[in-house]
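Worksheet: the structure to be examined is printed underneath.
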Amino acid sequence: MIKFLLKGIIRDKSRSILPIIITAIGVTLTVFLSGYMRGAMGDMIDLNARFETGHIKVMTQPYLKNKDQLPNDLALLEVSELIADLEKDFPEISWEKRIRFGGLVDAPDENGLTQGQGPAAGLAIDLFSKHSNEIGRMNLAPAIVNGTIPIRPGEALISEDFSQKINASVGDDVTFVGSTMNGSMAFQNFKVAGTVRFGSAAMDKGAIIIDITDAQNMLDMEDGAGEILGYFPNDVYDNNDATQIAETFNAKYIDSDDEFAPIMQSLKQQNGLASLLDYADVMSGMFVAIFVFAMSIVLWNTGLLGGLRRYQEYGIRLALGESKGHIYRMMISEAVLIGILGSILGSILGLAAAYALQVYGFDISEFAPQSNMLMPNVIRAKVTPDLFYIGFIPGVFAMVLGTALSGIGIYKRETATLFKELEV
Amino acid sequence: MNQALRLAYRNLVGAGLRTWLNVGVLSFTFVLILFYNGLIDGWNKQAKRDSIAWEIGQGQIIHKDYDPLDPFTILDGHGNINTIKGNVSPVLVQQSTIYPEGRSISTLLKGVSTNQSITQLPTGLLLNTDANIPALIGKNMSNKSGLKEGDEVLIRWRDSEGTFDATNITIVGIFESTVPTIDAGQIYIPIEKLWELTGLENHASYFIVGEGYEHKEIQDWEFNSQSSLLETLDAMIETKKASGTIMYLLLMAIALLAIFDTQVLSIFRRQKEIGTYIALGMTRGEVIRLFTVEGFMYSVLAVILGSIYGIPLLWFLAKNGIPYPVEQVQDFGVPISDTMYPVFSLGLIAGTLLLVVVSATIVSYLPARKISKMNPVDAIKGKLQ
Amino acid sequence: MKYLTILLVAFFALSFATSQDPDANAIIKKIDANMISNSNITTSKMTIYGRRNDRTITAKSYGEGSKKSFTEYLSPEREKGTKMLKLDDKLWIYSPSSDRTIQISGHMLKQSVMGSDLSYEDMMDERKLTEIYTAVVSGSEVLDGRKTWVIDLIAKVTDATYEKQKIWVDKEKFVPLRQDMMAKSGKILKRVSLSNIEKISGRWYPKRMNYKDMLKQGKGTDFEIVTIEFNPKIPAHIFTKASLKK
């Protein structure tokens, strides 16, 4: 029976192509939109994750307690070993070292004497490793105003406003003056590779971004890092995984008597993000429900239309003596098949689109008045497990419901009037 | 046209459930677009309102040497307040360090008028107290420093000559504000106290301007208008809108798909009708118009239906607000309230209306073009497949 | 933190000045005789107690009067070759790693040095105690088994970094054993403890000092004189910017 119906559906274009296409388009839209909403609702959280919290973050316990004061004297040491362990235990996560620091940036005149000087917030990230995705994560490329992203050690990015204030442009040397992890004075020259716009007034006033290895050398933090941030594949946060990983990791150190033992926190545990995260879940869930509902109505309608489309055919079949029940059951079976085919197709397309949007993101910076680092100007979708089945709700159930409703009409038809209706 | 409208209406209502499903989805889209944009507009409005109420007032008069974002300018960025008259409230900013439980936290010490009413800062709390140096802090600051109402904390500062001084201040109140920039790392004490502590008698770093103040050029002071101070806020919120656009365009596509599908079918099924219309002397253009008008009617019905449930719903939300969790979203510098009140402007409603009507009409027109290619004789026989 | 060298030298300079108070004046004059010299060359060792580890930095300093000083860091490797020159109210720092001479000036002078509780200005305030404070002997106490005079210093100028100080002076050796620096309110902000008093070139001299920020937790910083030479002749070129880069 199913085989027969399938053949019919495949061979008889007029009864299959349009409904399947409509179903597939509808399901594609639903799946994609749901994925998009899951991503878009979390943009504030995403911003936090990218700049501060990671999806999971490892610090020393005292660093955590004083983290507002950038306490690099309490930073993690021997991080290569730590990261190797982390990579072994949690291979799917990318681990990134970061150092936050503060100090003075000084620009010399032609005689090497101070020409401009100002306090700067510093951030060191992995700019050069091939495996690292920090440049994209920090949204550096679109935020560049002049120059380029550093390509070799000893190069730095500074904020655009700051570069004007201290009179240092791209290609100039500036000297960072700060204190090392141990409290000694740190001096380091950097070539300004580019200037960036952060989008936060405080950072635009004075900030410098350098490579992590440069920072380790400069701040006397050999194999050290203030924070190690962990990011899930494609930068999509999963709270269950994060909680699990943090628990597993922290369990290893629970009996450690080292004052500087590492501690891991999930994104949700940081910066008061828990409520925001829950809220984003609820909101995106709500939006997804709305889409599914709307699409169900649309496909329900498609089901209704499908019944109408074949009004004549059913008339002839009734006239030929087929029982009403048989036609009705066949209609439903066909609808189920069309729904499943359309839903599978639509889910594949929708998932593919959502996945593409998750991996590549959609850059809206061109539409934004001014690009900067702190604006969520790349929109990403998030492929969640529910996307794999969510399309079938409108695709199969709504479709079948529509067909079932329109099919009831069959029972109302009188054989006597059939031929008149059909005008054969 | 009148006839076309009437016919279209009858056709649609005659189709029963199918029509109402289409109309339902379209109305839903309509309401959702309104809701989302209203929410963002509401956020924008609230953020601005709060910034004005807590921080900006009707503008600020800032000493020419003071730059709120550059701590180096605090030292010299203040001047005598006697040159400025009118409804203004002076603020003197000084650097300080507090020592809660042996930790040290750098803070901005702000002297404010205790009797000011230009901002919502509850400066009145600084008046009714026996504390030697009463101080106000924000909730964020309270969380980060661990200071609670009634706590005393050691604060160290330098007077105008650079001499160190240190004493205890008493936290007499903790205010809750949606504006992060007036909270983080800041302590508010009566300006007279700060004058006394620093020797900067009658000095201020900036003024917050109240209603009715009219600025005339004053030497050493620069006036920043309210709108110039709100610029960055606007830019931030605009990008929020962009990401919402994608969402409702997709939702719109779903609704339009339904109309498109319906139109394709009705043109297929109603060939005889079309043939008859033409046979009766209607031009093809008129028939196309009839079908397009049907599609247009969808959007009209959708707007009516949307209004029936949308107006009360959106009105309710605009009145009662939508809870939004904010604890430390604060760090990003945009004021977010714990309740968001959507705002539905006339422009927004009209724009959305236009969008829905125009797109529904276009989508109905597209399949209807097929009519122009029909042979009326075949059509009337129903022979087109 | 290592600029404590200069700071501490500065405090000495303050401590050895004379006072108008007859009693206090006599005491301070005797301190002067021990501690003050027109010029000096010092090799010092500074130990900073961190939360994780302690570090020791050695430096050689040249001082002449209260306006000129020059310091070169000798160890550890990281600090080696870093030089600081102070002339009047100007401060330059040279680092060999960046081959840059950076002037710390203007408003920066009032900012804290690398997040510590010392501003550059603190480090540079070398006015004599008599210029800043009125001294009064307020009593005598036994401190660390030594009999001391307790002398209260109250600022007579408006721009003193500390409004008040209290110093404990050894009654026999006329060397301060403790120095408390206080805010206007009387709150103790910083304390210097001096010990290991030895006779060098006929003077009593404290070879060890502990410097502590009283508002913070921690052991503070130890400062130890390895060698000190009083009134040597220091070539003038030392106190020029050219000597920073050498």
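Within straight-line reach of A:Lys205, meaning a Cα separation under 15 Å, sit the following aspartates and glutamates at least 8 residues removed in sequence or on another chain: A:Asp106, A:Glu160, A:Asp161, B:Asp67, B:Asp70. Legend: P(r) of the range B:59-212 from all alpha carbon pair distances, 10 Å bins from 0, whole percents, reading 11, 44, 37, 7, 0. Residues of the range C:67-101 whose accessible area (probe 1.4 Å, heavy atoms of protein chains only) drops by at least 50 Å² once all protein chains are present, relative to their chain alone: C:Arg78, C:Ser98, C:Arg100. For chain B, the ratio of Cα radius of gyration to the globular rule of thumb 2.2 N^0.38 Å stands at 1.51.
Highest mean packing first, where packing is the average number of other Cβ atoms within 10 Å per residue, the peptides B:119-126, A:336-343, B:273-280 line up as A:336-343, B:119-126, B:273-280.
Separation of the range B:225-284 and the range B:101-148, taken as the distance between their Cα centroids, equals 53 angstrom.
Think of the range C:129-208 as a dipole: +1 on every Lys or Arg Cβ, -1 on every Asp or Glu Cβ, centred on the Cα centre; then among C:Ile200, C:Ser185, C:Val175, C:Ile200 lies furthest on the positive end. Summing both sides, how much accessible area is buried between A and C? Use a 1.4 Å probe and give Å² to the nearest 100. The A and C chains share an interface burying roughly 2200 Å². Given the DSSP H assignment, sum -39500 (n - 2.57) over each helix run of at least 4 residues in chain A and divide by its residue total; what's the result at 222 nm in deg cm²/dmol, nearest 500? Computed ellipticity for chain A at 222 nm equals -15000 deg cm²/dmol. In the range A:146-181, burial by the other protein chains removes 20 Å² or more of 1.4 Å probe accessible surface, compared with the chain on its own, from A:Lys165, A:Thr175, A:Val177, A:Ser179. Solvent-accessible surface (1.4 Å probe) assigned to C:Ser195 amounts to roughly 50 Å².
Each residue of the range C:223-237 is assigned a 3J(HN,Hα), and the resulting list reads 10, 10, 8, 8, 9, 9, 10, 9, 6, x, 8, 10, x, 4, 5 Hz, derived from the Karplus form 6.51 cos²θ - 1.76 cosθ + 1.60 (θ = phi - 60°), x at Gly and Pro.
Here the accessible area is traced with a 1.4 Å probe on the protein chains. For the protein assembly as shown, carbon and sulfur cover 55 percent of it.
Helices assigned as whole DSSP H runs in chain A whose Cα atoms extend at least 18 Å along their own long axis and whose mean Kyte-Doolittle hydropathy is 1.0 or higher are found at A:13-40, A:274-309, A:324-359, A:399-412. Peptides C:138-150, B:153-165 ordered by packing proxy, namely the average of other Cβ atoms within 10 Å per residue, highest first: B:153-165, C:138-150. In the assembled protein chains, B:Val300 presents an accessible area of approximately 50 Å² (probe radius 1.4 Å).
Projecting label points 7 angstrom from Cα along Cα→Cβ for C:Asp88 and B:Arg10 puts them 10.2 nm apart.
May I ask for the accessible area buried between chains B and A, both sides summed, probe 1.4 Å, to the nearest 100 Å²? So the total buried area for this chain pair works out to about 4800 Å². Derived from the Cα gyration tensor, the three semi-axes of the equivalent ellipsoid of the protein assembly as shown are 77, 30, 23 Å, largest first. Within 10 Å of the Cβ of each residue in A:17-26, the mean number of Cβ atoms contributed by other protein chains is 2.
When +1 charges are put on Lys and Arg Cβ atoms and -1 charges on Asp and Glu Cβ atoms, the dipole computed for the range A:56-231 relative to its Cα centre reaches about 480 debye. Counting heavy atoms of the protein chains alone, C:Lys245 has an accessible area of about 120 Å² for a 1.4 Å probe.
When the accessible areas of B alone and C alone are added and the area of the pair subtracted, with a 1.4 Å probe, the result is around 1900 Å², both sides summed. Annotation: amide H-H contacts under 5 Å for A:Leu104 (H modelled 1.01 Å from N, sequence separation of 5 or more, or interchain): A:Ala120, A:Val177, A:Gly178. Per-residue 3J(HN,Hα) values for the range A:106-118, derived from phi via the Karplus relation 6.51 cos²θ - 1.76 cosθ + 1.60 with θ = phi - 60°, read 10, 10, x, 8, 5, 8, x, 9, 4, 10, x, 8, x Hz in sequence order (x marks Gly and Pro). Taking every residue in A:182-193 and counting other chain Cβ atoms within 10 Å of its Cβ, the average works out to 6. Per residue, chain A exposes 41 Å² of solvent-accessible protein surface, assessed with a 1.4 angstrom probe and all protein chains in place.
Size descriptors for chain A (Cα atoms only): Rg and Dmax, in that order, 30.2, 107 Å.
Ordered by 1.4 Å accessible area with all protein chains kept, C:Tyr133, A:Tyr328 run largest first as A:Tyr328, C:Tyr133. Here the peptides A:25-36, B:21-32 are ranked by packing, the mean other Cβ count within 10 Å, and the order with the highest first is A:25-36, B:21-32. Taking label positions 7 Å along the Cα-Cβ direction at both C:Arg208 and B:Leu280, the computed distance is 11.5 nm, reported to one decimal.
For chain B, hydrophobic long helices are taken as DSSP H runs at least 15 Å long by C-alpha position along their axis with mean Kyte-Doolittle hydropathy of 1.6 or more; these are B:346-368.
When the protein assembly as shown is described by a simple charge dipole with +1 on each Lys and Arg Cβ and -1 on each Asp and Glu Cβ, the residue from C:Thr161, A:Ser80, A:Gly54 located farthest towards its positive end is A:Gly54. The C:Asn38 and B:Gln226 beta-carbon pair, evaluated with R₀ = 56 Å, returns a calculated FRET efficiency of approximately 0.35.
Among residues other than A:Phe198 with Cβ under 10 Å from its Cβ, the summed charge is -1 (Lys and Arg +1, Asp and Glu -1). Under 19 Å of direct C-alpha separation, and excluding same-chain neighbours fewer than eight residues apart, C:Lys83 reaches these lysines: C:Lys2, C:Lys45, C:Lys60, C:Lys67, C:Lys68, C:Lys241, C:Lys245, C:Lys246. Mean partner shielding of peptide B:75-85, defined as the number of other chain Cβ atoms within 10 Å of each residue Cβ, is 1. With a 1.4 Å probe and all protein chains left in place, how much accessible area per residue does the range B:143-295 have, in Å²? Per-residue value: 40 Å². In straight-distance terms, cross-link reach from B:Lys144 covers every one of the lysines whose alpha-carbon lies under 21 Å from its own, apart from those fewer than eight places away in the same chain; here that gives A:Lys57, A:Lys65, A:Lys67, A:Lys268, B:Lys110, C:Lys216.
The values are calculated or read from the model by the stated rules, or taken from the named source; none is laboratory data. Keep in mind that this is a model prediction, so the values were computed, not measured. Note that we place each Cβ from the backbone using ideal geometry, even for glycine, and neighbour counts take in every protein chain shown. Side chains are part of the model used for accessible areas, which takes the heavy atoms of the whole protein and leaves out ligands, DNA and RNA. Shrake-Rupley method; radii C 1.70, N 1.55, O 1.52, S 1.80 Å.
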